[in-house]
1. Only one residue in 316, 245, 312, 307 is modelled with pLDDT of 90 or more and out of contact with any Ser or Thr (no Cβ under 6 Å at 6 or more places or on another chain). Which one?
2. Quick one: which of 203, 273 is under 12 Å from the mean Cα position of the chain (by Cα), surrounded by 18 or more Cβ atoms within 10 Å (Cβ to Cβ) and among the polar types (S, T, N, Q)?
3. In segment 96-129, which residue that is touching a residue at least 40 places away in the same chain (Cβ under 8 Å) and small (Gly, Ala, Ser) is farthest from residue 44 (Cα to Cα)?
4. Can you give me the number of residues within segment 340-356 that are surrounded by 15 or more Cβ atoms within 10 Å (Cβ to Cβ) and more than 14 Å from residue 373 (Cα to Cα)?
5. Say we look at segment 248-265 and pick out the residues that are acidic (Asp, Glu) and within 18 Å of the chain's Cα centre (by Cα); which of these is surrounded by the most Cβ atoms within 10 Å (Cβ to Cβ)?
6. Picking from 312, 245, 268, which residue would you name as being of a type in the set (Val, Ile, Thr), surrounded by 20 or more Cβ atoms within 10 Å (Cβ to Cβ), in contact with a helix residue (DSSP H, G or I) (Cβ under 9 Å, 6 or more places away or on another chain) and not in a loop (DSSP other than H, G, I, E, B)?
7. What residue, of 68, 58, is at pLDDT 95 or above and either surrounded by 24 or more Cβ atoms within 10 Å (Cβ to Cβ) or out of contact with any helix residue (DSSP H, G or I) (no Cβ under 8 Å at 6 or more places or on another chain) (or both)?
Amino acid sequence: MDIQLHDIEIAAERLAPILHHTELDLSSTFSKMTGGRIYLKCENRQKTGSFKIRGASNKIAALLEAGNRGPVVASSAGNHAQGVAYAASRFGIPATIVMPKTAPIAKAQATEGYGAKVVLSGDCYDDAYARAREICEEEGATFLHPYNDLDVIAGQGTLGLEILSDLPYVDVIIVPAGGGGLLAGVASAVKLINPRVKVYGVQAEGADAIAQSFAQKKLVTTETASTIADGIAVKAPGDITVDIINRYADGVVTVSESEIANAILLLIERCKQIVEPAGATPLAAVLSGKIDVKNKRVVCVMSGGNIDVSFIQSIIERGLVARHRRIKFLVKLVDRPGSLVQLLKLLADAGANILTVEHDKLNPSLNPNETSVHIACEVGGEDHGKSVIEQLTANGYAVELE
């Protein structure tokens, strides 16, 4: 199955009164860090907080044009859910969304807020998908696939049209990939207009089915999909999306959890942007050197900003550790008055900002007169962190990094 440029152009006409035309923001910070001209496509500021509204709205509009006004059912980790819920509400049809039990609470609540019925089932997208199919059979509803559907892919492809319109001389476009709908849509839209432009997909190392599919030039599924980037945690990409990606994309790379966390933290600190883990993967790929961007005009698609507030602290912690801004270690002290004060003074003199101190006198490996102390410190970078540990070691402390 293939997609035509005309299909994407029709989708753009349908979506024009619904979508925000999200900005393309040139980042001087990331440009200096990488040697390229790095633009951020801010789909985290799109309606419902992600690009998913594009494909969902185009699919529902196509159904209505065909005379189908019945209820719809979708399965989603969150962003497709909100897109379908918003689109169904706008077009006046009922929607049921099946989400994994692990989906962020904020996404489930937002989906209900748009008027859809939410059903929680299973531990990952694939489990939710199976339950959604069952509901379709039980209720005679139409299933709205989050990625393996040509109308959905065409809707996502409108993002590629926007990029080419705003930056005609773009050299590289980098797109997150989970099930593959966004990458398939953007890659096809871009290549059908300007084959010179390189289009790359990015996946998390723990959920790399599309990367494997691209390398082997056939559909590959994985047994697990484990990553903090819940929006792209997919074990089974679509046969339609994989076929389009394998024909139009120029490559698919993977990034680690720490690289994703580091990108999120930099976006918060330098750009004042809240981006969910999946949406930060293109920037993670650029910053880690997985894609050559030097002297190139590069667009990183920040696909969404729907991150659970309670999860941000964990992401920040990962990012700080990845950037060597925070160190954690254990030392054993003689359990006597003044020993802890002496240790803390040494850390203060070394310029470390002490965040937490935790005593553990119950460790069975300790001698009766010893105590374990777990310490977390904020430091100025990798060299400063090494210096702090060296100073502790030079003063007789046995340091175990955690």
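The values are calculated or read from the model by the stated rules, or taken from the named source; none is laboratory data. Predicted model only: the values in this text are computed from it and were never measured. Glycine gets a Cβ as well: all are built from the backbone with ideal geometry, and neighbour counts include every protein chain shown.
1. Answer to the selection: 245.
2. 203
3. Among residues in segment 96-129 that are touching a residue at least 40 places away in the same chain (Cβ under 8 Å) and small (Gly, Ala, Ser), the one farthest from residue 44 (Cα to Cα) is 128.
4. Here the count works out to 3.
5. Start the filter on segment 248-265 by keeping residues that are acidic (Asp, Glu), which leaves 250, 257, 259.
Filter once more, so that each one left must be within 18 Å of the chain's Cα centre (by Cα): 257, 259.
Working: 257: 19, 259: 23.
Among residues in segment 248-265 that are acidic (Asp, Glu) and within 18 Å of the chain's Cα centre (by Cα), the one surrounded by the most Cβ atoms within 10 Å (Cβ to Cβ) is 259.
6. Details: 312 fails: surrounded by 20 or more Cβ atoms within 10 Å (Cβ to Cβ); 268 fails: surrounded by 20 or more Cβ atoms within 10 Å (Cβ to Cβ).
Sole residue among the options that is of a type in the set (Val, Ile, Thr), surrounded by 20 or more Cβ atoms within 10 Å (Cβ to Cβ), in contact with a helix residue (DSSP H, G or I) (Cβ under 9 Å, 6 or more places away or on another chain) and not in a loop (DSSP other than H, G, I, E, B): 245.
7. Numbers: 68 fails: at pLDDT 95 or above.
Answer to the selection: 58.
For every residue, the table says whether it meets (1) over 23 Å from the mean Cα position of the chain (by Cα); (2) within 22 Å of residue 147 (Cβ to Cβ).
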| position | (1), (2) |
| --- | --- |
| 9 | yes, yes |
| 16 | yes, no |
| 24 | no, no |
| 39 | no, no |
| 43 | no, yes |
| 48 | no, yes |
| 53 | no, yes |
| 60 | yes, yes |
| 65 | yes, yes |
